[in-house]
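Q: Would you mind keeping the following structure in view while I ask a few things?
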Amino acid sequence: MAQATPNHTQTVSGWAAHDSSGKITPFNFKRRENGENDVTIEILYCGMCHTDIHHVKDDWGITKYPVVPGHEITGIVTKVGSNVSKFKMGDRVGVGCLAATCLKCEYCEGSQENYCDQVEFTYNGIFWDGSITYGGYSKMLVADHRYVVRIPDNMAMDRAAPLLCAGITVFTPLKDNNLVDTKGKKIGIIGLGGLGHVAVKFGKAFGHHVTVISTSPIKEQEAKDNLGADDFIISTNPKQMLEKKRTLDFILDTVSAKHSLGSYLELLKVNGTLVIVGAPDKPIDLPAFPMIFGKRTVKGSMIGSIEETQEMMDLCGKHNILSDIEIITTDQINEGLERLAKNDVRYRFVIDISGPSSHL
């Protein structure tokens, strides 16, 4: 493992955390030369994910400092390798969480490479050449073309960026549970944040009755009037939760804080499914009786494959689905991370990488 190899000859400007204080500062580093399977991308925008906070502060004990976060990247192709045929210079593209997989296991061969046990991520990972991966808080990226997707021409590049993590995270469970091609189901979305607001948009676009489930009554008007939700349940209101017992076919849990699933499971019909996509740092409570007496299923899901990500992007272009964002400049990264930690964002911060900025 090394920060760079002899093939890393391109100096790139970026922004990195150097210790568990999580403070981001300007950072120059080396990227590899564009290889035969690579595309070089001028980064325009990069979304800010809760995962970025965990990595810069080493909350999970796995951070390799210095860490350059960012896995919601959109930009323009400036160079293509000799083996690359699906992209050309000038193409609008995106890069999400994946940087490398083994390419030969059953999951890679079955278009589930996000579950490859040798998966390496866009930042804080170890690439095939042994170098540490650096993410999208930077001016330029070299990526293997097999982990790059095309952004439809009608989609704004800034608002498309969060779809590469938040979007695919909520899209894949809907697809896996036959909710993309089948209409008319009753689905619930727990949490109305960066993931939840996109999930509501998907649910409505795919023809379902969508209920937002939240601890915050003030979000009801936003959920219904701006995002198109059909119903709203205050999860801390026992009367509302009881009235909606056994009304939902499917629930998507986007909450990243510790919570109990028991009361939410009671909202599901018999044979209903709850999928967890939030990542609490402490174990969640999972009572047995709501599952046993309702024949209910609880599953997890992590992002999606590149094939699924491209399918999602194409559907977003077709249905005009984009993230609701706040644009920040590179000199506002630390402020953005602090506000994100407090959930003080509507609904996703996106860094204008190519725009003007002053020193942090």
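Q: Between 0 and 90 degrees, rounded to the nearest ten: what's the tilt of helix 196-205 against the longest Cα principal axis of the chain?
A: Approximately 70 degrees, to the nearest 10.
Q: While we're here: Put +1 on the Cβ of each Lys and Arg and -1 on the Cβ of each Asp and Glu in the chain; which of His50, Val12, Thr25 then has its Cα farthest toward the positive end of the dipole?
A: The one lying farthest along the dipole's positive direction is His50.
Q: For a label point 7 angstrom out from the Cα of Asn28 toward its Cβ, which stretches of the range 298-340 have the backbone nitrogen within less than 18 Å?
A: Nothing falls inside the zone, counting backbone N under 18 Å.
Q: If you average the alpha carbon positions of the range 150-224 and of the range 249-294, how far apart do those two centres end up, in angstrom?
A: Value for the Cα centre distance between the two parts: 18 Å.
Q: Test of the criteria: in the range 40-120, which chymotrypsin sites (Phe, Trp or Tyr not before Pro) are in a DSSP loop and have at most 12 other Cβ atoms within 10 angstrom of their Cβ?
A: For chymotrypsin sites (Phe, Trp or Tyr not before Pro) across the range 40-120 that sit outside H, G, I, E and B with at most 12 neighbouring Cβ atoms in 10 Å, the list reads Trp60.
Q: Simple spin-label model, 7 Å along Cα-to-Cβ: Gln118 to Thr215 in nm?
A: 4.2 nm
Q: To continue, here is another question. Give the lysines whose C-alpha is closer than 23 Å to that of Lys104, dropping any in the same chain fewer than 8 places away, or say none.
A: Within the straight-line limit of under 23 Å, Lys104 reaches these lysines: Lys86.
Q: Which pairs break 19 Å Cα to Cα here: Lys79/Lys139; Lys175/Lys201; Lys175/Lys299; Lys258/Lys299; Lys224/Lys342?
A: Beyond 19 Å between Cα atoms: Lys224/Lys342.
Q: If each residue of separation counts as 0.36 nm, what is the full-extension length gain between Ile327 and Lys104 once their alpha-carbon separation is subtracted?
A: 76.4 nm
Q: On full extension of the chain, what length is gained from Asn343 through Gln3, given 0.36 nm per residue of separation minus the C-alpha to C-alpha distance?
A: Additional length available on full extension: 119.2 nm.
Q: A further question on this structure: With a 1.4 Å probe and every protein chain left in place, work out the accessible area per residue of the range 179-271 in Å², rounded to a whole number.
A: Accessible surface, normalised per residue, equals 42 Å².
Q: What FRET efficiency, computed as 1/(1 + (r/R0)^6) with R0 = 30 Å and r the Cβ-Cβ distance, is obtained for Thr11 and Asn154, rounded to the nearest 0.05?
A: About 0.30, to the nearest 0.05.
Q: Also, I was wondering about something else. Under a crude label model (7 Å from the Cα following the beta-carbon direction), how far is Lys318 from Trp60 in nanometres?
A: It is 3.2 nm.
Q: Same structure again: With the radius of gyration and the Kirkwood radius both derived from the Cα set of the chain, what is their ratio Rg to Rh?
A: Here Rg/Rh amounts to 0.97.
Q: Any chance you could give the angle, 0 to 90 degrees and rounded to 10, that helix 166-176 forms with the longest Cα principal axis of the chain?
A: Approximately 50 degrees, to the nearest 10.
Q: Also, I was wondering about something else. Farthest toward the dipole's positive end in the range 256-357, which of Val270, Pro356, Ile325, given Cβ charges of +1 (Lys, Arg) and -1 (Asp, Glu) about the Cα centre?
A: Result: Val270.
The values are calculated or read from the model by the stated rules, or taken from the named source; none is laboratory data. Predicted model, so just to flag it, every value in this text is computed and none were measured. Counting neighbours? That spans all protein chains shown, and the Cβs are built from the backbone with ideal geometry, glycine included. Side chains included, ligands, DNA and RNA excluded: accessible areas come from the protein's heavy atoms. Shrake-Rupley method; radii C 1.70, N 1.55, O 1.52, S 1.80 Å.
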